[in-house]
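Written below as structure tokens is the structure these notes are about.
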Amino acid sequence: MENWDEIRTAYQVARIGTVSGAAEVLGVHHATVIRHIDALEGRLGAKLFQRHARGYTATEAGQELLKVAQATEDQFAHLAARITGAATEVSGELVVTSLPGLADLLTPTLVRLAAAYPELRVRYVSDARLFRLEYGEAHVAIRAGGRPQEPDNVVQSFCTQKFGLYASQGYVDRNGLPESEEDVARHRFVGPADPESRAPFYRWLTQRVPAEAIIYRSNEGEALRHAVLEGAGLGFVALHLAAREPTLVEALPRRSEWDSALWLVTHVDLHRTPRIQLFLKALKDDMRDCGMC
């Protein structure tokens, strides 16, 4: 790729913020880094960096270049992983993504593997967006809801996460509990930031209470759980988390329709690599042993 060395240099300067740091990563003299930056800025006719005493900060044009370089770097890394995927050592980067709110399920396994395999580097990203496994944005995705249908992905059933509707004792003392499912509309609730959430328990909720009854919204599961604990309203909490909170009171008998299926998704080209197989097995074993799902 023409001028890729210059683009790669600019990417490292933007990522690290200093010429010396980029030179160390690239294994070149700092004068080479400056020469590449100057040549690239001249070719593009735009300033890519603001120079200051502490280093280099990317301009708006530099940020756009950074996005392109990051995507290209990731695709090269993905290609390298596909080519070397048959290697037997457990090493390199393991990128795992999930919806927000699953960190308590995944972190113990990830930390244990990182400690057991010093050459393994773990990156866990929680985000509502779907990461594109075919472009190497992640190696393993944990997804909820219906079975994922993307081509070239290997999909395995992980577990069913069970939820219940809870209130704090303080909320119960002030407002009581619903006497039946038909009585829920008179209560206050905490719920998702997105009113169109596809989580089965939130679909159940929006069918039974007006939007104004959901008085606290967030896209982060921990924030919602804490809002329930603080007495903001009734809210859905995963059973294994609710079991740790003695002040929570079950607001209604649990319904199986509130449960959410979780899926393990990997790309077919990387599915058999040692680090991914190790993580998948370890995660399944941990979930089975602790009964969290």
* Asked: Hey, what's the Cα Rg ratio for the chain versus the globular rule of thumb, 2.2 N^0.38 Å?
  -> 1.26
* Asked: On full extension of the chain, what length is gained from ASP285 through ASN3, given 0.36 nm per residue of separation minus the C-alpha to C-alpha distance?
  -> 96.8 nm
* 4 °C / 1.567 mPa s Stokes-Einstein diffusion coefficient of region 220-293, Kirkwood radius on C-alpha pairs, µm²/s -> 86
* To do: Could you list which residues have their amide H under 5 Å from that of LEU234, counting only those 5 or more apart in sequence or on another chain, with H placed in the peptide plane?
  => ARG188, PHE189, VAL190
* Asked: Rounded to the nearest 500 deg cm²/dmol, what is the calculated helix-only ellipticity per residue at 222 nm for the chain, with -39500 (n - 2.57) per DSSP H run of length n ≥ 4?
  -> -12500 deg cm²/dmol
* Taking θ as phi - 60°, what are the ³J(HN,Hα) couplings along region 168-183 by the Karplus curve (6.51, -1.76, 1.60), each to the nearest whole Hz, with x for Gly and Pro? -> 7, 4, x, 4, 4, 4, 7, 10, x, 10, x, 7, 6, 4, 6, 8
* Structure fact -> Ignoring ligands and nucleic acids, HIS271 exposes an accessible area, probe 1.4 Å, in Å² to the nearest 10, of 20
* Structure fact -> Expected unfolding gain across ARG132-GLU24 under the 0.36 nm per residue rule, minus the alpha-carbon gap, is 35.8 nm
* Report, for region 163-258, the % of DSSP beta bridges that are antiparallel, rounded to 5. => 60
* Work out the length of the dipole vector of region 4-84 about its Cα centre, built from +1 on the beta-carbon of each Lys and Arg and -1 on the beta-carbon of each Asp and Glu, and round it to the nearest 20 debye. => 100
* Where is the GNM fluctuation largest for the chain (alpha-carbon springs, 10 angstrom cutoff): LEU280, LEU66, LEU133? -> LEU66
* To do: Work out the length of the dipole vector of the chain about its Cα centre, built from +1 on the beta-carbon of each Lys and Arg and -1 on the beta-carbon of each Asp and Glu, and round it to the nearest 20 debye.
  => 180
* Asked: Rounded to the nearest 5, what % of the DSSP beta bridges within the chain are antiparallel ones?
  -> 60
* Cα→Cβ-extended label distance, 7 Å offset, between VAL268 and SER91, nm -> 3.0
* To do: Determine ³J(HN,Hα), in whole Hz, for all residues of region 17-26 in sequence, where each value follows from phi through the Karplus function 6.51 cos²θ - 1.76 cosθ + 1.60 and θ = phi - 60°; x replaces Gly and Pro.
  => x, 9, 5, 5, x, 5, 4, 5, 5, 7
* Peptides 153-166, 34-47 ordered by average Cβ neighbours within 10 Å, highest first -> 153-166, 34-47
* **Difference of contour (0.36 nm per residue) and Cα-Cα distance, ALA39 to THR57** => 4.7 nm
* Counting pairs of Cα atoms in region 4-84, how many percent are more than 14 Å apart? -> 61
* Asked: Any idea what angle helix 103-116 forms with the longest principal axis of the chain, computed on alpha-carbon atoms, 0 to 90 degrees, nearest 10?
  -> 40
* Structure fact -> Which residues qualify? For THR18, with a placed amide H closer than 5 Å and at least 5 residues away or on another chain, they are TYR56
* Asked: Helix 4-16 sits at what angle to the longest principal axis of the chain, using alpha carbons and giving 0 to 90 degrees rounded to 10?
  -> 50
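The values are calculated or read from the model by the stated rules, or taken from the named source; none is laboratory data. Source: prediction; values computed, not measured. Note that each Cβ is placed from the backbone with ideal geometry, even for glycine, and that neighbours are counted across all protein chains shown. Side chains included, ligands, DNA and RNA excluded: accessible areas come from the protein's heavy atoms. Shrake-Rupley method; radii C 1.70, N 1.55, O 1.52, S 1.80 Å.
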